[in-house]
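The values are calculated or read from the model by the stated rules, or taken from the named source; none is laboratory data. Not measured: the values here are computed from a predicted model. Every residue, glycine as well, gets a Cβ built from its backbone with ideal geometry; the counts of neighbours run over all protein chains shown. Ligands, DNA and RNA are stripped out before the accessible areas are found, and what is left, the full protein with its side chains, is counted by its heavy atoms. Shrake-Rupley method; radii C 1.70, N 1.55, O 1.52, S 1.80 Å.
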Amino acid sequence: MSISQERQQIIPLIAIALLCTAILIALSFQLSLNNIANDLEEKLQAQLPTKITDAGLNNFQNELLNNFLVSKVNQDLALIKVTSHLNIIESCQAEILSFLANNYQASSPPSRTITLNWLVNDHSQTMSLGLNCQYNWLTLSLSHLLFLVLAGGILSSITKPLKGRRKQLVALLTANGLNKKEALKLCQACTQYTALQNQALDLVIKMNPSHTASMLIFLNSGGCKTADSAQLSWFQCGLQLHPDDIDQAINIALSPATLSLSPSSGLITIHGIEIKLATTPFLYYLWYAQRRLNNEAEDQDGWFINPPSNRADFVSNHELISLMRQHGGHVKAIKDLEEKGLRAKTLDQNRSKIKEEITRVLGEQLAKPFLFDVERDHQTARFKYRLALTPNDISLA
């Protein structure tokens, strides 16, 4: 996942955390304000009416004394300290809004209104006070930070429900020994794979699911991003030939589409796949490869016309006799060429054996480019054969 994608995912989480923090602080402030207002109302209701009555300061006619009372109460309630260190309110102040039917101008609109009621000589007396409070910024900052940390941890731990491709892959990976965190990390880029990358992954899942983690690592590093359908077919072939070695299957898919022949070992290597041919078919294959490589005018681009069915070739047989003696050909095959010459039947049989073995290993589709072109020769009306590969795709080890 790219940095920009990660930022795009983090920004909404931060916004949610900040919004939740703001809502929580506002709610906490209102609750604290309610508690302070209720507590102050209880204390004032229990003490202030009695003191006013005892002092005789509840006379409608004595405006001077009443104003003095209002001033004194406002002075006493100008600073109400909140003792709890965990409270987000640091201090409050209360002002009398009305007393004995007189209204008073508040210095600022009150957040809460406290109403006191009492009786004097069976006459109802009322006083209302306005309450305002200030934030405790230290507690507020610490609680804000703590909530952000907690909210961030909670939000980051909440992952979107897995579905589709990621759900399938995580299930496979955890079933094969990975923990969920590792599985999720490996699957992050799976939605960005190309069609051929997904097809390659499907092959692994189908043929050997235990290699899923290794395949994801390969794909996440850019593997198969520029692959074509031919490489995918070679990858499938590699998985069939090496079911327990995905690295070898990948190497086969990435190998060049070339043919290499090693006379010393009798092995041919096609697209990174080693194939062991029987000695005589191998030497006939080598002979055709040499003719394709020589590509001289008289060889006609590597073509060789089959001898007539009723007459052997006692000229070209010497090429094969020399090749077999040089590379340990069977005595019987050499003797047959010396006595009977190079016959069309012998060539047909060996080409058939070559085709059979290569097709058995690679399958018909992949084997075809490494077998033989065939045409009818216009002059003799007989068939002629050559390796289908170009000289540039053939090498001798």
Query raised in the report: How many residues does region 344-360 hold that are crowded, with 18+ Cβ neighbours inside 10 Å and touching a residue at least 24 places away in the same chain (Cβ under 8 Å)?
Result: 7
Query - Matching residues in region 217-264 - criterion: being in contact (Cβ under 8 Å) with a residue 60 or more places away in the chain and hydroxyl-bearing (Ser, Thr, Tyr) - result: Ser233, Thr258, Ser260, Ser262, Ser264
Report summary line: Those residues of region 97-141 which are open to solvent by 50 Å² or more (accessible area, probe 1.4 Å), among the small types (Gly, Ala, Ser) and either on the phi > 0 side of the Ramachandran plot or part of a loop (DSSP other than H, G, I, E, B) (or both) amount to Ala101, Ser107, Ser111
**Report entry** Flag for Asp301 being in contact (Cβ under 8 Å) with a residue 40 or more places away in the chain and among the charged types (D, E, K, R)
**Finding:** yes
Query - Condition check for Leu131: touching a residue at least 24 places away in the same chain (Cβ under 8 Å) and in contact with a Lys or Arg (Cβ under 7 Å, 6 or more places away or on another chain) - result: yes
Requested in this report: Could you grab me the full set of residues in region 277-300 that are of a type in the set (D, E, K, R) and either open to solvent by less than 10 Å² (accessible area, probe 1.4 Å) or out of contact with any helix residue (DSSP H, G or I) (no Cβ under 8 Å at 6 or more places or on another chain) (or both)?
Outcome: Glu296, Glu298
Report task. Evaluate the following for Ser221: is it assigned by the TED database to the domain that holds Glu357 and either open to solvent by 10 Å² or more (accessible area, probe 1.4 Å) or among the acidic types (Asp, Glu) (or both)? Result -> no
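Residues are listed down the side, and each one gets a yes or a no for (1) free of Cβ contacts under 8 Å to residues at least 40 places away in the same chain; (2) open to solvent by 40 Å² or more (accessible area, probe 1.4 Å):
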{"position": "Arg325", "(1), (2)": "yes, yes"}
{"position": "Leu362", "(1), (2)": "no, no"}
{"position": "Leu366", "(1), (2)": "no, no"}
{"position": "Ala388", "(1), (2)": "yes, no"}
Query raised in the report: What about Leu320, is it modelled with pLDDT of 95 or more, open to solvent by less than 80 Å² (accessible area, probe 1.4 Å), part of a helix (DSSP H, G or I) and touching a helix residue (DSSP H, G or I) at 6+ places or on another chain (Cβ under 9 Å)?
Result: yes
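Do we have Gly153 as open to solvent by less than 70 Å² (accessible area, probe 1.4 Å), farther than 23 Å from Pro243 by Cβ and modelled with pLDDT of 90 or more here?
In short, no.
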Query - Residues (hydroxyl-bearing (Ser, Thr, Tyr), within 24 Å of Cys237 (Cβ to Cβ) and open to solvent by 30 Å² or more (accessible area, probe 1.4 Å)) located in region 164-214 - result: Thr194, Ser210, Ser214
